[in-house]
Structures are given as C-alpha cells and as structure tokens.
Amino acid sequence: MSLVFYSRSDDPEPWRAAIAAAVPDLEFRVDPDIGNPADVHYALVWKPPQGWLAQFPNLRAILSLGAGVDALLEDPQLPHVPLTRMVDAGMGRQMAEYAAHAVLHFHRHMPRYAEHQRVARWAPLEPVAARDFAVGFMGLGVLGAQAAQLVAALGYPVLGWSRTPKSLPGVEGFAGDRGLAAFLARTRVLVNFLPLTDATRGIIDARLLAGLPRGAFVVNPARGGHVVERDLLAALDSGHIAGAMLDVFETEPLPAEHPFWKHPSVVVTPHVAAVTQAADAASQVIDNLLRLERGEAPVGVVDRGAGY
Ligand code: NDP
Ligand code: OXD
C-alpha cells in the first residue's frame, strides 16, 4: 500500500513523519519519485498538474491538502474516486484572525492613518461605533462561520449569506439569490468565504459591488476567481469601494505589474490567510486513511455536483 504526495508549496517531511508514525505499513512517495504508479493507492495533493492523477490506475482516494478543491475539479481527467478536502484542520482559527484583522484595520481608519504618517500629518478622524459597522460574510461554511463568530464577539453586527439558510448565534442569515441584495445593502465590510464553483466564479463584479453602500470595503481570502478584478479596480478608483484586502488573485503569484500592488486603497497578502500545517492537519489525513482502509466513508468528501 502506498501514498503519493504532490505539492510545490508544502514540505513533505512533516507529513511523511506523521503518517509513518500512525500508518507504518503505508509507503510514502513524493513526486517525482513515484515508483510504479500501479501500486499507488492514495494521493495527498495540492494543485497537481492537470492529468497527473490519471496516471495511477489503482487509486482509492484523493486527499486534498487544501480546503478549496476548485483546482482539482478543473482537471478533466480527475479519477472517479472519493475526493476529500481539509475541514478546518487549523485553518478556521487562522481565517478568523485574518478576517478580524481586516475588519479592525478598515473600521479603525488604519489605511488613512498610514497615509497621514507618510506626510507627518496629525489628523484625528471621526470615530465610527462598531455597532454601526456591519460586516457581511459571503459563505458561512467551516471557515466563514468561525470568522463570523469571532467578528460578532468583537461587537460588530454580523450578516451572513449562504446557499442554504443558516442559523448561527450572533449572525443574521440571508440565503440564495433572493437574499443577496438585502445582505449587500447593509454590509460595510464584505468578507468572502465562498468556494470557487461554476455558481460563484466572478460573483464579485460591478453589479454586486454597486449593491454595497458607498464607502464599503472588500476582503477576499477565498479565491481570486471570485473577483472580476477590473470591476473592483473601477469601484476603488471611483471611491464607491473605499478599500480592499486581498489574499488571492486570478493569477498567482500576483504579477509584478498588476495594479493591485501599488493601488493606495489595496492591501495585498500572498495567499497566506490560512495555511495547511501538518502539525494541525495530519491527524485528519491519517483518520481518513484509516477509515478508507476499514472500508468506511472518509470525512470531508467533496460533492462534485455542487463543486465544493
Ligand atoms: P465550506 O464548503 O465549508 O463553506 C462554503 C460556504 O459557501 C457554505 O456556507 C456554502 O453554503 C456557501 N456557498 C457555496 N456556494 C454558494 C452559492 N452559490 N451561493 C451562496 N453561498 C454558497 O468551505 P470552507 O469554509 O471550508 O472554505 C471556503 C473557501 O476558503 C475554500 O473553498 C477556499 O477557496 C478558501 N480558502 C482560502 C485559503 C487561503 O489561504 N486564502 C485557505 C483555505 C480556504 P451552504 O452552507 O448552504 O452549503
Ligand atoms: C486552501 C488554500 O484552499 O490554502 O486550503 O487556499
């Protein structure tokens, strides 16, 4: 029995050590040393090239190193075996920190004070009460729900929008296409936690941005494909959107000439809002490997029809 590991951004060694300690009879192979593809049964992967997984004829499951599986689902040759994703695995806490930081950054006028500091300008701005600064979360799944609850605990009114209705303490829920306009109209900071699917690609476009109140902020730690970048730039340039904090982009790494880098109202982070770490996430992979070996269903199975 063997597992093959593929990632260009994760060190395989902590994964090898954790898995070897718990499942000693599982051989751990790392791309490109994959040995005989016919005796690979499991693949633990982040963004393998399209077609790469199809070379293993006896694959029993694909385990994603990430929470989002959009890149895997785009592979037309993706084998028809169970596909699992990371469910929290330490990322909920990190995402909640990222979202809370972004909300506090914009609510407490930090971009404007940074500008003032560059020109030695001492100019207190009018404070805004947290109760008047509603935060809207698109996506109330594993990560969005945790972030929404931390922000609610900080005293902000919190709204949440999801595909199906959700009831979370401290979060006013909206659902589906019919709930979107009312959700946007009251949102001062929009935080995106949607998965990238056929239904959500390009969702943050000129029309959606126009539905936010003038002076709203956008925070995107989900996927670059959710944002129509030229529409966001136009909304920032017109002042309709006052600022954005962006962790993910249509093209990653973000090209050096991209206008987001130097835009005065944009904060760029390099896809680090939540990072899968073996110390927190290996136990989930091991649990799934043991379940699969016992013939049980793994946790975090992706619904390929829904795309997440
Ligand atoms: P989940 O699958 O747990 O949650 C997804 C949420 O989005 C659910 O509430 C779901 O609704 C909602 N949703 C899905 N489709 C629609 C739709 N068409 N309309 C409205 N709501 C919709 O995902 P996670 O919380 O685990 O992860 C969210 C995303 O975060 C990942 O897919 C990934 O892209 C991104 N991510 C980014 C990282 C980074 O470092 N930048 C790190 C980790 C993840 P419902 O509840 O009704 O199903
Ligand atoms: C993920 C990511 O989906 O890191 O886990 O983007």
Practice prompt. Please work out the Cα center distance from region 23-83 to region 1-16, rounded to the nearest Å.
Written response: 11 Å
Discussion item. Taking a ≥ b ≥ c as the square roots of the Cα gyration tensor eigenvalues, with a/c under 1.5 meaning rounded and otherwise prolate when a/b beats b/c, else oblate, which class fits region 1-130?
Written reply: prolate
Worksheet entry | region 91-268: projected area of the alpha-carbon convex hull, averaged over directions, in nm² | 10.2 nm²
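From the square roots a ≥ b ≥ c of the eigenvalues of the alpha-carbon gyration tensor of region 1-56, which class results: rounded (a/c under 1.5), prolate (a/b over b/c), or oblate? Let's see the in-between values first.
Details: a/c = 2.32, a/b = 1.24, b/c = 1.87.
Oblate is the answer for region 1-56, as a/c is 1.5 or above yet b/c matches or exceeds a/b.
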Response to the item:
Here, Val268 and Glu252, labelled 7 Å along Cα→Cβ, have an inter-label distance in nm of 1.4 nm
Worksheet, complete the sentence: Whole-Å distance linking the alpha carbon centroid of region 129-166 with that of region 183-233 is 15 Å
Fill in: Relative contact order for the chain, counting Cα pairs under 8 Å that sit 6 or more residues apart, in percent
16 percent
Item to complete: Please check which bits of region 54-77 a label hung off Leu26 would reach, taking the label as a point 7 Å along Cα-to-C-beta and the cut-off as backbone N under 16 Å.
Response: 59-66
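Keeping all protein chains in place, calculate the accessible area per residue for region 207-273 (probe 1.4 angstrom), answer in Å². Mind showing how you got there, number by number?
Values: 2960 Å² over 67 residues.
The answer is 44 Å² per residue.
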Discussion item. To check you understand DSSP bridge types, tell me what percent of the beta bridges within the chain (both residues inside) are antiparallel, rounded to 5.
Written reply: 5 percent
Worksheet item: Could the peptides 197-203, 278-284, 222-228, 86-92 be put in order, highest first, of the mean number of other beta-carbon atoms found within 10 Å of their residues?
Response: 222-228, 86-92, 278-284, 197-203
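Let me check against my output: what whole-number percent is the relative contact order of region 91-268, with C-alpha pairs under 8 Å and at least 6 apart?
Numbers: 322 pairs, mean separation 30.4, N = 178.
The normalised contact order for region 91-268 reaches 17 percent.
Can you give the net charge of the other residues whose Cβ lies under 12 Å from the Cβ of Val301, counting K and R as +1 and D and E as -1?
Numbers: positive: Arg85, Arg291, Arg304; negative: Glu296, Asp303.
Around Val301, the charge tally is +1.
I need to check one value: relative contact order of region 229-272, counting alpha carbon pairs closer than 8 Å and at least 6 residues apart, in percent.
Result for region 229-272 is 42 percent.
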Item to complete: Give, to the nearest whole percent, the P(r) tail of the chain beyond 36 angstrom, counting all Cα pairs.
Response: 24 percent
Worksheet entry | Carbon and sulfur %, accessible surface of the chain computed with the full protein complex present, 1.4 Å | 55 percent
Worksheet item: Quick one: Cα centre-to-centre distance for region 242-308 and region 108-122, in angstrom?
Response: 32 Å
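State the extension gain, in nm to one decimal, for the chain segment bounded by Val119 and Gln50, taking 0.36 nm per residue of separation less the distance between their alpha-carbons. Let's see the in-between values first.
Numbers: separation 69, 0.36 × 69 = 24.84 nm, distance 4.94 nm.
So the extension gain works out to 19.9 nm.
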Worksheet item: Which value in nm describes the separation of the simple spin-label points at Arg207 and Ala306, placed 7 Å from the Cα toward the beta carbon?
Response: 2.4 nm
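Round to the nearest 0.05 the FRET efficiency obtained for Ala185 and Arg8 when R0 = 45 Å and r is the Cβ-Cβ distance.
Working: r = 42 Å, r/R0 = 0.93.
Here the calculated transfer efficiency is 0.60.
How large is the charge dipole for region 1-149, taken about the Cα centre, if only the Cβ atoms of Lys, Arg (+1) and Asp, Glu (-1) carry charge, to the nearest 20 debye? Can you show the working numbers first?
Working: 12 positive and 16 negative charges, 132 e Å.
Here region 1-149 has a charge dipole of around 640 debye.
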Discussion item. For the chain, what does the helix formula give at 222 nm: sum of -39500 (n - 2.57) over DSSP H segments with n ≥ 4, over the residue count, nearest 500 deg cm²/dmol?
Written reply: -9500 deg cm²/dmol
Worksheet, complete the sentence: With DSSP loop assignment and no more than 16 other C-beta atoms within 10 Å, the trypsin sites (Lys or Arg not before Pro) in region 83-152 are Arg108, Arg121
Worksheet, complete the sentence: In degrees, nearest 10, the alpha-carbon axis of helix 176-185 is tilted away from the dominant principal axis of the alpha carbons of the chain by 40 degrees
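Scan region 193-287 for GluC sites (Glu not before Pro) in coil per DSSP, keeping those whose Cβ has at most 11 other Cβ atoms within 10 Å, and list them by number.
Values: sites: Glu229, Glu250, Glu257; in loops: Glu250, Glu257.
Within region 193-287, the qualifying GluC sites (Glu not before Pro) (loop, at most 11 other Cβ atoms within 10 Å) are Glu257.
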Worksheet item: What size of dipole, in debye to the nearest 20, comes out for region 1-63 about its Cα centre when the only charges are +1 on Lys and Arg C-beta atoms and -1 on Asp and Glu C-beta atoms?
Response: 220 debye
Worksheet item: In nm, to one decimal, how far is the modelled label at Ala175 from the one at Val299, with both set 7 Å along Cα→Cβ?
Response: 2.4 nm
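The values are calculated or read from the model by the stated rules, or taken from the named source; none is laboratory data. Computed from a predicted model, the values in this text were never measured in an experiment. Here Cβ is always computed from backbone atoms with ideal geometry, including for glycine, and neighbour counts include all displayed protein chains. For accessibility, only protein heavy atoms count, side chains too; no ligands or nucleic acids. Shrake-Rupley method; radii C 1.70, N 1.55, O 1.52, S 1.80 Å.
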